[in-house]
Amino acid sequence: GQQLNQSPQSMFIQEGEDVSMNCTSSSIFNTWLWYKQEPGEGPVLLIALYKAGELTSNGRLTAQFGITRKDSFLNISASIPSDVGIYFCAGQPTGTASKLTFGTGTRLQVTL
Amino acid sequence: GAGVSQTPSNKVTEKGKYVELRCDPISGHTALYWYRQSLGQGPEFLIYFQGTGAADDSGLPNDRFFAVRPEGSVSTLKIQRTERGDSAVYLCASSPSLAGMSNEQFFGPGTRLTVL
């Protein structure tokens, strides 16, 4: 099935650094979601975006819904070791029922 | 409160066997979704229920896969004549959605299916 293009595929950063990742689609979405997944667990919702151009924060996390509605960005500031995991974007295509299309994931490793 | 629960957490079966995977959504959530996640990939949509009915089953890969939600709460994903390629983590999610208004889907821990 279709998966969104997510980059980078993986990141190795030092504690305290800021992180940016993005997600692009060839088609328009009317909702963007960002999830984090740790080994052996299901994805956990971090941020939900509902409007083009919207910028939303959740603690050290900030996400934006691109104005073209074909992309989204997630930033993590001042990373800490517990930020380790795989981050997935997910979108709902316009006119489609509530299924989500996920990105390929960004694996984040944080070193002390 | 209780989140989405899935049983079993792990299932090992032999090629050709039948398996059932169960999902208990968050209480009161009307929408329930099944996804499949292969190693190194993001989850892929299988089927979506609104209440008791399957609103979208376009992600089911073939007719060996079937899901039910008879009372609008618990759902069972059924796989007949399992194949090695069915090995994956099967994730269930639920949302309070009424007619697809909200997309904040909350996921369970998944069932890891291994077909030998």
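Data overview
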read-out: Residue among A:L49, A:L112, A:L33 that is over 21 Å from A:I13 (Cα atoms) and in contact (Cβ under 8 Å) with a residue 40 or more places away in the chain; value: A:L33
read-out: 1 or more residues closer than 23 Å to A:Q6 by Cβ: qualifying strands (runs of 3 or more DSSP E) within the range B:1-60; value: B:31-37, B:44-50
read-out: Residue under evaluation B:E83, criteria (1) within 14 Å of chain A (Cβ to nearest Cβ); (2) surrounded by fewer than 17 Cβ atoms within 10 Å (Cβ to Cβ), criterion not met; value: (1)
read-out: Selection within the range B:63-84 - closer than 17 Å to B:V115 by Cα and among the polar types (S, T, N, Q); value: B:Q80, B:T82
read-out: Complete set of residues in the range B:25-59 that are aromatic (F, W, Y) and touching a residue at least 24 places away in the same chain (Cβ under 8 Å); value: B:Y33, B:W34, B:Y35, B:F49
read-out: Number of the exception - A:N58 against (1) within 13 Å of A:N75 (Cα to Cα); (2) away from every other protein chain (no Cβ under 13 Å); (3) surrounded by fewer than 15 Cβ atoms within 10 Å (Cβ to Cβ); value: (2)
read-out: Of all residues in the range A:76-103 being buried (at least 16 other Cβ atoms within 10 Å of the Cβ) and of a type in the set (S, T, N, Q), the one that is farthest from B:S38 (Cα to Cα); value: A:S79
read-out: Answer residue from the range A:83-101, given it is polar (S, T, N, Q) and part of a strand (DSSP E or B) and is modelled with the lowest pLDDT among those; value: A:Q92
read-out: Residue that is within 14 Å of another protein chain (Cβ to nearest Cβ), touching a strand residue (DSSP E or B) at 6+ places or on another chain (Cβ under 6 Å) and within 29 Å of B:N62 (Cα to Cα), where the choices are A:G42, A:G85; value: A:G42
read-out: Residue under evaluation A:L45, criteria (1) under 27 Å from B:W34 (Cα atoms); (2) part of a loop (DSSP other than H, G, I, E, B), criterion not met; value: (2)
read-out: Residues of the range A:51-65 satisfying the condition of being farther than 23 Å from B:E44 by Cβ and in contact with a strand residue (DSSP E or B) (Cβ under 7 Å, 6 or more places away or on another chain); value: A:K51, A:A52, A:G53, A:E54, A:L55, A:T56, A:N58, A:R60, A:L61, A:T62, A:Q64
read-out: Hits in the range B:1-47 (condition: small (G, A, S) and crowded, with 21+ Cβ neighbours inside 10 Å); value: B:A31, B:G42
read-out: Residues located in the range A:2-30, provided they are free of Cβ contacts under 8 Å to residues at least 60 places away in the same chain and either at the interface with another protein chain (Cβ under 9 Å from one of its Cβ atoms) or closer than 19 Å to B:Y35 by Cβ (or both); value: none
read-out: Criterion: farther than 17 Å from B:F106 by Cβ, aliphatic (A, V, I, L, M) and within 12 Å of the chain's Cα centre (by Cα) - qualifying residue of A:L61, A:L33; value: A:L61
read-out: Output for the range B:13-44, where each listed residue is away from every other protein chain (no Cβ under 13 Å) and either aliphatic (A, V, I, L, M) or under 30 Å from A:S10 (Cα atoms) (or both); value: B:V19, B:L21
read-out: Positions within the range B:45-80 being among the hydroxyl-bearing types (S, T, Y) and more than 10 Å from chain A (Cβ to nearest Cβ), in sequence order; value: B:T52, B:S73, B:S75, B:T76
read-out: Criterion (surrounded by fewer than 13 Cβ atoms within 10 Å (Cβ to Cβ) and over 30 Å from B:N10 (Cβ atoms)) met by exactly one of A:G66, A:G53; value: A:G53
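The values are calculated or read from the model by the stated rules, or taken from the named source; none is laboratory data. Note that the structure is a prediction, hence the values are computed from the model and not measured. Glycine gets a Cβ as well: all are built from the backbone with ideal geometry, and neighbour counts include every protein chain shown.
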